[in-house]
Amino acid sequence: MEIRNPWEDLGEDELKERLAGVTLPVHVAVIMDGNGRWAHNRGWARIRGHQAGVKAVRATVTTCRDLGIPYLTLYAFSSENWQRPSAEVGALMTLLANYLVGEREELLARGIRLETIGRTDALPGHARRELEKTMALTQGMDKLTLTLALSYGGRAEIVDAVRSLLASGVTPDEVDEDAIASRLYAPHHPDPDLLIRTSGEMRVSNFMLWQLAYTEIYVTEVLWPDFQPRHLYAALLDYAGRERRFGKVSPGGP
């Protein structure tokens with residue numbers, strides 16, 4: 001099935017102009033898919049696709065910061081990704097550590113705070129150290145909260161939340177949606193308003209299962225390394241044209 005958004009046919013400048021005055025999401029989440037396919041299409045090793053994807057990360061972070069979007073969450077490494085070949089996993093961890101070191105000055109200069117969600121204790125020592133250092137350095141930044149989902153799974157997050165509640169000694173009557181939400185990895189973050197998935201795949205892939213209950217979903221066939229600011233602008237314009245009901249009846253009818 002071909003997915004076409006007419007906004008994607010417009011140029012970057014025109015799209016940016018049309019964004020003026022529209023309602024932007026507070027929290028954007030992105031499933032960055034298509035790195036491997038991008039590399040395969042060129043006859044290259046998969047890691048070349050991941051390396052190219054870092055440029056799309058940088059552009060997306062910068063664009064969200066410039067637009068004044070307060071929260072951006074990127075699905076960087078899932079709990080299932082540990083099952084990939086060890087050479088690829090090792091290369092991804094090195095790429096992550098290098099990204100964290102290389103982007104520190106830019107994050108600080110732009111007032112971007114780095115956070116993470118997931119079972120990050122599973123990360124190798126060098127990657128975990130750079131992650132913790134970058135988070136500590138940027139903790140006072142307040143222009144954009146950039147969250148990397150690392151060793152992350154939506155089901156695991158809910159399991160960890162329930163385990164935390166049980167460990168605190170709550171009774172069954174005390175368990176409600178607010179109680180579980182308070183034990184998620186980032187309880188202070190608002191739920192995503194918009195989820196963007198690249199590469200045309202129509203699934204959420206175990207990402208933020210609790211938080212996506214009423215999130216607007218935007219899918220583009222663009223592979224992640226090719227994702228540019230104009231594609232983000234197109235997604236934001238599509239979002240701005242939707243009516244968010246949160247399960248309620250529309251004032252204009254059913």
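Once you mark the GluC sites (Glu not before Pro) that are in a DSSP loop and have at most 16 other Cβ atoms within 10 Å, what is the longest gap between them in the chain? The longest such stretch corresponds to 3-200.
Quick one: net charge around residue 58, please, counting Lys, Arg +1 and Asp, Glu -1 for every other residue with C-beta under 12 Å from its C-beta. Kindly include the intermediate steps, with their values, before the conclusion.
Numbers: positive: 55, 65, 110; negative: 103, 106.
Charge balance in the 12 Å sphere: +1.
Near residue 147, within a Cβ-to-Cβ distance under 12 Å, what is the net charge of the other residues, with Lys and Arg +1 and Asp and Glu -1?
Details: positive: 113; negative: 115.
Here the count lands on 0.
By other beta-carbon atoms within 10 Å, ranking 38, 44 with the fewest at the front produces 44, 38. When only the Cβ of Lys, Arg, Asp and Glu is charged (+1, +1, -1, -1), the dipole of segment 24-240 relative to its Cα centre reaches about 1020 debye. Spacing of the modelled spin labels on residue 59 and residue 135, each 7 Å from Cα toward Cβ, amounts to 2.9 nm. For the chain, what proportion of DSSP beta bridges, expressed in % and rounded to the nearest 5, is antiparallel? Percentage antiparallel, nearest 5: 5. The mean sequence distance of close C-alpha pairs (under 8 Å, at least 6 residues apart), as a share of the length of the chain, puts its relative contact order at 31 percent.
Measuring spread by the Cα atoms of the chain yields a radius of gyration and Dmax of 18.6, 57 Å. Note on segment 10-39 and segment 52-113: Cα centroid distance 16 Å, given to the nearest whole angstrom.
Rule-based calculations on the coordinates, nothing more; no lab input. The structure displayed is predicted, hence computed values, not measured ones. We place every Cβ from the backbone using ideal geometry, glycine too, and count neighbours over all the protein chains shown.
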